[in-house]
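Trainee: Could you have a look at this structure, given as structure tokens, before my questions?
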There are 2 protein chains.
Amino acid sequence: MSGRQSIEEAVIARAVQLAGLPSVRAPIGAGDDMALVSVGPAKVLVAVDQVVEGVHFRTGTPLDLVARKAVARSVSDIAAMGALPAACVAAATLPNDMSAADAQRLVGAVAHWAHSFDCPLVGGDTSVHTGIGAPLTLSVTVLASVRADGIIARRSGACAGDTLLLGGAVGGSFGADGLGRHLHIEPRISQAQRLIDALGAKVHAMIDISDGLGRDAARVAHASGARTGRALQARLRGDRIPLRDGATLRQGLCDGEDHELLAAIDADAAIPEGWTAIGSMATPSLGDARGCVVDAAGSDQDASDLGWTHG
Amino acid sequence: MSGRQSIEEAVIARAVQLAGLPSVRAPIGAGDDMALVSVGPAKVLVAVDQVVEGVHFRTGTPLDLVARKAVARSVSDIAAMGALPAACVAAATLPNDMSAADAQRLVGAVAHWAHSFDCPLVGGDTSVHTGIGAPLTLSVTVLASVRADGIIARRSGACAGDTLLLGGAVGGSFGADGLGRHLHIEPRISQAQRLIDALGAKVHAMIDISDGLGRDAARVAHASGARTGRALQARLRGDRIPLRDGATLRQGLCDGEDHELLAAIDADAAIPEGWTAIGSMATPSLGDARGCVVDAAGSDQDASDLGWTHG
């Protein structure tokens, strides 16, 4: 797990270095939930996510749930940007022994879920592995449009003093049988839209929780700190974080793939219905590089890394 | 190979059925080289293609060439639509034993080639296989804009009597060492643009040759016939087809991944420099369902299926 994470992080770091610098063609590049791209005279948001057998779902998971997860993860990125779904394309690499009927079932399920999330499937590509036992992979690229008022919720817009809002309960997304809630992600498109409808530009930053609340809150803090050049730290109140039934606080902070929304809003904004204030964005003490701390058991603990789960 | 093809075709058939019907959101759906999508008030072209180790490149192929092929295949789809590259995103699933340095090299190569084809990398997703020996897969989604004059070159616009033009030489794309020209695809963006600049709406249809000239010419014939409800057949002159050094006519008709452009233009249009007239689009005899025939060795032969290579 830690080896995997380090390769992925190395790649992301390199990709952000290569593709993340804002440019004429891409005013928002890699490093946010979606990139903003100029396509001719238009501005379009785009993101790709994938699910891989053995990594994001267990072998034997029903194809309908595999398709749902693949589509929902990408559509959740649209929600996090405060954007509106337009369409998606999918690329699948199929196990060598998958039947044509199952392959059609998978594509049918991708089309079904894309339609149900208002992000219709408009194209794709399919290959079949030559080797026996090679895993199913399914990548989904989503296109989205910016709101008519031009507001885009980035990771990097948070300010010191902002209230941190959570859009749902977290923790326990995997479940003991591997068939947990991570296979039933609900992209929060309309919840994000209502938040921006209500608060407008007072919504400073947003992210969907894909790698754990602590880790993703730290990402918002780091991205926002990098923007202004002044370090930020997400300070969470352990007793305020809504947890799923049976989940511990630690699970709520560390479980990946909750896909609920975390938003940083102006300190003087009212908390809209359906959102819970779970902390605030603060300026850390000098030398404190932690992106996210939580007060639990009477002291501040670092929640900004998956390492916290193993402590 | 034939099993692989049949699953892929089954999936494509289902995808076209599900996603291929034109809609308000996608005036051009699956079944063309790219889909045309409404993103808010804008129209955007989008396509995804992937390369899979063991299918599209041999194990041990230099990562730079893997990245080049993945990007170039997708950018070639932009050329085929007569469109202009905007940006791309990539999703990679990496072998479990790939080093972080190699992973970064791969991402760097994707960014390099995307930039060199004027289609900058703006985002991506990376996963690492859990199992040993699982193959590298790399999918690239490209976004493109429609020309200012609104002309889009679809597969389905050919008419009986149209002249068929080939933009380059074909055949021998794989090479005995597996490191052939298929790894050095040159997307023909500017060649396609010059053709449409010169002939405008007299360019009726275009496709890039990814599965063999015969097969792709048949696709244009079938798509165009389906549009008008009157069957069409591509009739190729075997002696006119420009072949790569050392390639046989059969290879020129059957080798996949040439990625040269095939265009159907109005019969009264002049042949622009750099293009070769290799045949015409005709109404077939009643009951003749062949999409592409070639006159070679004194008789018409069916060139519309890969089966021809095995005959």
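Values quoted throughout were computed directly from the atomic coordinates according to the rules given, and no laboratory measurement underlies them. Keep in mind that this is a model prediction, so the values were computed, not measured. Please note: Cβ atoms are built from the backbone with ideal geometry, for glycine as well, and neighbour counts cover all protein chains shown.
Trainee: Relative to the longest principal axis of chain A, what angle (0 to 90°, nearest 10) does the C-alpha long axis of helix A:213-228 take?
Mentor: In chain A, helix A:213-228 runs at an angle near 70 degrees to the longest axis.
Trainee: Just to confirm the numbers: A:Arg240, label point 7 angstrom along the Cα-Cβ line, distances to the other copies in nm, shortest first?
Mentor: Inter-copy label distances (nm, one decimal, shortest first): 7.5.
Trainee: Could you calculate the FRET efficiency of A:Glu273 with A:Thr130 from 1/(1 + (r/R0)^6), where r is the beta carbon distance between them and R0 is 60 Å, rounded to 0.05?
Mentor: On the way: r = 53 Å, r/R0 = 0.89.
Between A:Glu273 and A:Thr130 the formula returns 0.65.
Trainee: Please list A:202-208, A:158-164 highest first by mean number of surrounding beta-carbon atoms within 10 Å per residue.
Mentor: Values: A:202-208: 24.6, A:158-164: 21.4.
Order by mean packing, descending: A:202-208, A:158-164.
Trainee: Suppose R0 equals 30 Å; then what is the FRET efficiency for B:Arg227 and B:Asp149 from their Cβ-Cβ distance, rounded to the nearest 0.05?
Mentor: Values: r = 21 Å, r/R0 = 0.71.
Rounded to the nearest 0.05, the efficiency is 0.90.
Trainee: Enumerate the aspartates and glutamates that A:Lys202 could reach by cross-link, defined here as Cα to Cα under 15 Å, with residues fewer than 8 away along the same chain left out.
Mentor: A:Asp149, A:Asp162, A:Asp266, A:Asp268
Trainee: Quick one: the Cα spread of the protein assembly as shown along its three principal axes, in angstroms, biggest first?
Mentor: For the protein assembly as shown, the Cα extents along the three principal axes come out at 91, 48, 39 Å.
Trainee: With charges only on Cβ, +1 for K and R and -1 for D and E, what is the dipole size of chain A about its Cα centre, in debye, rounded to 20? Don't jump to the answer; show the numbers that get you there.
Mentor: Values: 26 positive and 34 negative charges, 109 e Å.
So the dipole magnitude of chain A works out to roughly 520 debye.
Trainee: Right, next: Per 0.36 nm of contour for each residue apart, how much would the distance between B:Ser285 and B:Asp300 grow if the chain were fully extended, relative to their Cα-Cα spacing?
Mentor: Details: separation 15, 0.36 × 15 = 5.40 nm, distance 1.28 nm.
Full-extension gain reported as 4.1 nm.
Trainee: Mind giving me the nanometre distance, one decimal, between the label points for B:Asp266 and A:His184, set 7 Å out from Cα along Cα→Cβ?
Mentor: 6.0 nm
Trainee: Please report, to one decimal in angstroms, the Kirkwood hydrodynamic radius of chain B built from all distinct Cα-Cα pairs.
Mentor: Working: mean 1/r = 0.0502 Å⁻¹.
Computed over chain B, the radius equals 19.9 Å.
Trainee: Nm distances between the label at B:Asp102 and the same-position labels in the remaining copies, 7 Å along Cα→Cβ, shortest first?
Mentor: In ascending order, 2.8 nm.
Trainee: I want the local charge near B:Ile265. Using Cβ-Cβ distances under 11 Å, sum +1 for each Lys or Arg and -1 for each Asp or Glu among the other residues.
Mentor: On the way: positive: B:Lys202; negative: B:Asp162, B:Asp266, B:Asp268.
Neighbour charge sum, excluding B:Ile265 itself: -2.
Trainee: For A:Lys69, go through the lysines and keep the ones whose alpha-carbon is under 28 Å away, minus same-chain ones fewer than eight residues off.
Mentor: A:Lys43, B:Lys43
Trainee: Suppose every Lys and Arg Cβ carries +1 and every Asp and Glu Cβ carries -1, with no other charges. What dipole size does the range A:155-310 come out with about its Cα centre, to the nearest 20 debye?
Mentor: Values: 15 positive and 21 negative charges, 72 e Å.
Its charge dipole is roughly 340 debye.
Trainee: Another question, if that's okay. Above 25 angstrom, tally the Cα pairs of the range A:32-145 and express them as a % of all pairs, no decimals. Mind dumping the intermediate values first?
Mentor: Numbers: 1425 of 6441 pairs.
Looking at the range A:32-145, the distances longer than 25 Å represent 22 percent of pairs.
Trainee: Once you have the alpha carbon radius of gyration of the range B:102-163, what is it after dividing by 2.2 N^0.38 Å, with N set to its residue count? It would help to have the intermediate numbers written out before the result.
Mentor: Values: Rg = 18.3 Å, N = 62, 2.2 N^0.38 = 10.6 Å.
Taking the Cα Rg and dividing by 2.2 N^0.38 Å, one obtains 1.74.
Trainee: Taking R0 as 22 Å, what's the FRET efficiency between A:Leu243 and A:Gln193 from their Cβ-Cβ distance, rounded to 0.05?
Mentor: Details: r = 26 Å, r/R0 = 1.17.
E between A:Leu243 and A:Gln193, to the nearest 0.05, is 0.30.
Trainee: Among A:Leu121, A:Gly157, A:Ala277, pick out the residue whose Cα is farthest towards the positive end of the charge dipole of chain A, where Lys and Arg carry +1 and Asp and Glu carry -1 on C-beta, about the Cα centre.
Mentor: Looking along the dipole axis, the top candidate is A:Gly157.
Trainee: Still on this structure: Per 10 Å bin, what is the whole-percent P(r) computed from every C-alpha pair distance within the range A:155-310?
Mentor: For the range A:155-310, the pair-distance distribution reads 12, 44, 34, 9, 0.
Trainee: Oh, and also: Please report, to one decimal in angstroms, the Kirkwood hydrodynamic radius of the range B:35-77 built from all distinct Cα-Cα pairs.
Mentor: On the way: mean 1/r = 0.0832 Å⁻¹.
Kirkwood radius, the range B:35-77: 12.0 Å.
Trainee: Still on this model: Pick out which of A:Asp125, A:Asp216, A:Asp266 has the largest mean-square fluctuation in a Gaussian network model of chain A, springs linking Cα atoms closer than 10 Å.
Mentor: Maximum among the listed residues: A:Asp125.
Trainee: Let me spell out the model: positive unit charges on the Cβ of Lys and Arg, negative unit charges on the Cβ of Asp and Glu, origin at the Cα centre of the protein assembly as shown. What dipole size does that give, in debye rounded to 20?
Mentor: Values: 52 positive and 68 negative charges, 138 e Å.
Result for the protein assembly as shown is approximately 660 debye, rounded to the nearest 20.
Trainee: Residues with beta-carbon under 15 Å from that of B:Ile207, excluding B:Ile207: net charge, scoring Lys, Arg +1 and Asp, Glu -1? Please list the in-between numbers first.
Mentor: Values: positive: B:Arg73, B:Arg154, B:Arg155, B:Arg188, B:Arg215, B:Arg219, B:Arg227; negative: B:Asp32, B:Asp33, B:Asp49, B:Asp77, B:Asp162, B:Asp208, B:Asp211, B:Asp216, B:Glu257, B:Asp258, B:Glu260.
Neighbour charge sum, excluding B:Ile207 itself: -4.
Trainee: Now, a different point. Assume the label is 7 Å from Cα along Cα to beta carbon: what separations in nm does A:Ala289 have to the matching positions in the other copies?
Mentor: Ordered by distance, the counterparts are at 6.7 nm.
Trainee: Now for a separate question. Sorting check: for B:64-77, B:129-142, which peptide has the highest mean count of neighbouring beta carbons within 10 Å, and how do the rest follow? Before the final figure, lay out each step's value.
Mentor: Numbers: B:64-77: 25.4, B:129-142: 23.6.
In decreasing order of mean packing, B:64-77, B:129-142 become B:64-77, B:129-142.
Trainee: Hey, another quick one. How many Cβ atoms of partner chains, on average, are near each residue of A:74-84 if near means within 10 Å of its Cβ?
Mentor: Partner Cβ neighbours, averaged per residue: 1.
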